[in-house]
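These notes are about the structure you will find just below.
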Amino acid sequence: MAANNLVFIVMDSCRFDSYQRAKRPNMDRIAEGSRRYSYASWTSPSHYTFLMGMVPHESPKGVFASEVYKNEFSQWVDRLAIKDLSFKNFVPQLSLPKVLKDNGFRTVGRVSMPVLNPMSHLNRHFDDYKLMANHNDFAGMVDEIEFYDDEPSFHFLNLGETHYPYMLDPKGLPHISGVHGVFKRMDDDLGEQTSDRFFDDDQMQQLHSQQVKTVEYVDQVLDALISKAPTNTHFIITADHGECFGEGGYFGHGPIVHEKVLEVPFLEGRKP
């Protein structure tokens, strides 16, 4: 039996209740999503855990962490249908792309966040890894995806649509740099304070509602990817972290300790 193709979609910054509120008929065709928790509060470390083969956890009580990890890694047998998959293959590199590549997969990465760019270590063991020119280009990713008759493939997709500014025109909105952008401009900006005012409650709610709309947009584009995928394709759809929209006086994610920054949707299943 041939191994399954794997499509791993990360909706950047998408908190669980944004997924809940969205109309998402195509995601629901794959599976009903559940609330899980990210291992990190911002993009880069969370993606490292994904590429180690670890997906968001359920935060179970009364069990040792080792049992959670053991159960999680065992799921890859059913997801991939790789005959005689050995978990010893994950060490010492702890790399899902390497394990897949060693088992004959073509490994492809498409990312939207500059902090995940091809010069970072995240691109290791990918045959084809690219930072998209457009922050909001899930549709472009889908156009580029190819599946092959002679080899299974792994498609790792980081989507910018659900990340601030949530597909809104950035003009008139505060420019909020991520880590990559801060370092890029730090020599010039060091010592300068932003003049942007923090969002008020109404703006927070408007931004939250806009993130819901971006999930609905992602769901619409997903239809084309489902149609394109062979029947033996396993989908994982999740987020790298959540987002605060005013809870506790916070906006966004990163250096924030709040449950809403860790709550993410998680769903997986074979092509419907």
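The values are calculated or read from the model by the stated rules, or taken from the named source; none is laboratory data. Nothing here was measured: the structure is a model prediction, and the numbers come from that model. Here the Cβ is made from the backbone with ideal geometry for all residues, glycine too, and neighbour counts use every protein chain on show.
Do we have residue 202 as outside any loop (DSSP other than H, G, I, E, B), at pLDDT below 95 and not hydrophobic (A, V, I, L, M, F, W, C) here? Even if it seems obvious, please write down each step before you answer.
Working: outside any loop (DSSP other than H, G, I, E, B): yes; at pLDDT below 95: yes; not hydrophobic (A, V, I, L, M, F, W, C): yes.
The answer is yes for residue 202.
State the number of residues belonging to region 124-150 that are part of a helix (DSSP H, G or I) and buried (at least 19 other Cβ atoms within 10 Å of the Cβ).
Taking region 124-150 first, the residues part of a helix (DSSP H, G or I) are 138-144.
After this cut, where a residue has to be buried (at least 19 other Cβ atoms within 10 Å of the Cβ) as well, the list is 138, 141-142.
Residues meeting the conditions: 3.
Does region 85-100 hold any residues that are charged (D, E, K, R) and crowded, with 17+ Cβ neighbours inside 10 Å, and which are they? Give the derivation first.
Residues of region 85-100 that are charged (D, E, K, R), as a first pass: 88, 98.
Correct list: 98 only.
Which of the numbered conditions does residue 2 fail, given that it passes all the others? Conditions: (1) surrounded by fewer than 20 Cβ atoms within 10 Å (Cβ to Cβ); (2) outside any helix (DSSP H, G or I); (3) at pLDDT 95 or above; (4) of a type outside the set (D, E, K, R).
Unmet for residue 2, out of (1) surrounded by fewer than 20 Cβ atoms within 10 Å (Cβ to Cβ); (2) outside any helix (DSSP H, G or I); (3) at pLDDT 95 or above; (4) of a type outside the set (D, E, K, R): (3).
Would region 236-251 turn up any residue that is assigned to a helix (DSSP H, G or I), modelled with pLDDT of 95 or more and either more than 18 Å from residue 159 (Cα to Cα) or of a type in the set (Phe, Trp, Tyr) (or both)?
No: region 236-251 contains no residue that is assigned to a helix (DSSP H, G or I), modelled with pLDDT of 95 or more and either more than 18 Å from residue 159 (Cα to Cα) or of a type in the set (Phe, Trp, Tyr) (or both).
Among residues belonging to region 70-104 that are assigned to a loop (DSSP other than H, G, I, E, B) and under 20 Å from the mean Cα position of the chain (by Cα), point out the one that is modelled with the highest pLDDT.
In the first step, residues of region 70-104 are kept if they are assigned to a loop (DSSP other than H, G, I, E, B); the result is 81-86, 91-95, 103-104.
Subsequent filtering for residues that are under 20 Å from the mean Cα position of the chain (by Cα) retains 94-95.
Values: 94: 89, 95: 94.
Result: 95.
Could you say which residue among 158, 136, 117 is touching a helix residue (DSSP H, G or I) at 6+ places or on another chain (Cβ under 7 Å) and closer than 30 Å to residue 245 by Cβ? Before the answer, list the steps.
Details: 136 fails: touching a helix residue (DSSP H, G or I) at 6+ places or on another chain (Cβ under 7 Å); 117 fails: touching a helix residue (DSSP H, G or I) at 6+ places or on another chain (Cβ under 7 Å).
After ruling out the rest, the residue left standing is 158.
Counting only residues that are in a loop (DSSP other than H, G, I, E, B) and surrounded by fewer than 19 Cβ atoms within 10 Å (Cβ to Cβ), how many does region 252-268 have? It would help to see each step written out before you state the result.
Filtering region 252-268 for residues in a loop (DSSP other than H, G, I, E, B) gives 253-258.
Those still in the list that are surrounded by fewer than 19 Cβ atoms within 10 Å (Cβ to Cβ) too: 254-255, 257-258.
Adding up the residues that qualify gives 4.
Pick from region 20-42 the residues that are within 14 Å of residue 261 (Cα to Cα) and in contact with a strand residue (DSSP E or B) (Cβ under 8 Å, 6 or more places away or on another chain): which of them is surrounded by the most Cβ atoms within 10 Å (Cβ to Cβ)? Steps first, please.
Taking region 20-42 as the starting set, the residues that turn out to be within 14 Å of residue 261 (Cα to Cα) are 35-42.
Filter again for in contact with a strand residue (DSSP E or B) (Cβ under 8 Å, 6 or more places away or on another chain), leaving 35-39.
On the way: 35: 16, 36: 19, 37: 17, 38: 25, 39: 17.
Of everything passing the filter in region 20-42, 38 is surrounded by the most Cβ atoms within 10 Å (Cβ to Cβ).
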